[in-house]
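Here the structure comes first, spelled out in structure tokens, and everything after it is commentary.
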Amino acid sequence: LDELEDDPIRAEAARAMAAARTMRTAAILHDQYSGVLRAALDRLEKLRESGDDEALQLLADELLGRARLGLHLTRPWDVAIVGKPNVGKSSLINALAGYERAIVHDTAGTTRDLVSAMIVLDGWPIRIVDTAGMRESDHAVEQEGVRLAGETLRSADLMLLVFDVTQSWDDECRKLTELRSDALIVLNKIDRLEDPSRLPEGMPQGLSVSATIGSGLETLIDAIVERLIGPLPEPGAAVPFSQSQIDRIKIIAGR
């Protein structure tokens, strides 16, 4: 206990390991508990004192480049599923989660609120959120669902933009593509097309899946993980995992 009190980073890492949701995130936090982050911050201080600004900035860039990953070692990534009503968003979240978590119904507009599921993809904890169908409506309850969906997609770490390949491409679809330029486009119900290479005119290319039979899900999962995580840190790499640590790095580097 005395050792933890003398090293705030180690104490913070111990608390974070207790909150880690997967072995993969706990292993990265254990490296920080073992002292790699403390050593990196000490090196930053020495570089500042020596006046070697080039090496200082390079090390700061390296550490800050892992900060986004570090902040999600104890909290899940948020992935929002967005699309027009009845494109299969609920079916997709069910397929990804592997169990019935959202209500699926063939009537358009049945999802009025936000339904989320905690899942693990390749060892990374992810909260996937099924939003209300994005469309204009005069119905007060449905309008509230769309409002909540808008808030969610703005704050989400990744947006899955789902289109139904059996529906024609229209202006509403085009407007959805303008919500976020970094959205991952998912083309659902591909099994219902006689020729999967012939998409509706105007529909952009994306990842073809069938949420009901599970085709294309492995490729989709790989794409989600790649978008969220990016290049993985080497074992034993220093990874800042709290905002206070990130702020300290910026202060030492004079940013």
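Of note:
- Of the residues making up segment 175-202, those that are of a type in the set (Gly, Ala, Ser) and either more than 18 Å from LEU92 (Cα to Cα) or over 29 Å from the mean Cα position of the chain (by Cα) (or both) are SER181, SER197, GLY202.
- Against the conditions (1) at pLDDT 95 or above; (2) within 19 Å of the chain's Cα centre (by Cα), ARG75 satisfies every one except (1).
- Residue selection: SER208 fails the criterion of being hydroxyl-bearing (Ser, Thr, Tyr), open to solvent by 50 Å² or more (accessible area, probe 1.4 Å) and modelled with pLDDT under 90.
- Search result, residues across segment 43-100 that are open to solvent by less than 60 Å² (accessible area, probe 1.4 Å), part of a helix (DSSP H, G or I) and of a type in the set (Lys, Arg): LYS89
- Meets criteria (within 27 Å of the chain's Cα centre (by Cα) and not charged (D, E, K, R)) for LEU41: no
- Any hit, segment 49-57, residues being modelled with pLDDT of 95 or more, within 30 Å of the chain's Cα centre (by Cα) and closer than 24 Å to ASP122 by Cβ: no
- Failed criterion for ARG227 (all others in (1) out of contact with any Pro (no Cβ under 8 Å at 6 or more places or on another chain); (2) assigned to a loop (DSSP other than H, G, I, E, B) hold): (2)
- Tally, over segment 1-42, of residues that are exposed (fewer than 15 other Cβ atoms within 10 Å of the Cβ) and of a type in the set (A, V, I, L, M): 6
- Only listed residue being hydrophobic (A, V, I, L, M, F, W, C), in contact with a Lys or Arg (Cβ under 9 Å, 6 or more places away or on another chain), in contact (Cβ under 8 Å) with a residue 12 or more places away in the chain and part of a loop (DSSP other than H, G, I, E, B), chosen from LEU179, LEU160: LEU179
- Candidate set from segment 163-174 (those that are part of a loop (DSSP other than H, G, I, E, B) and out of contact with any Asp or Glu (no Cβ under 9 Å at 6 or more places or on another chain)); member that is farthest from GLY88 (Cα to Cα): ASP170
The values are calculated or read from the model by the stated rules, or taken from the named source; none is laboratory data. As the structure is a prediction and not an experimental result, all values here were calculated from the model. Cβ atoms come from the backbone with ideal geometry, glycine included; neighbour counts cover every protein chain shown. For accessibility, only protein heavy atoms count, side chains too; no ligands or nucleic acids. Shrake-Rupley method; radii C 1.70, N 1.55, O 1.52, S 1.80 Å.
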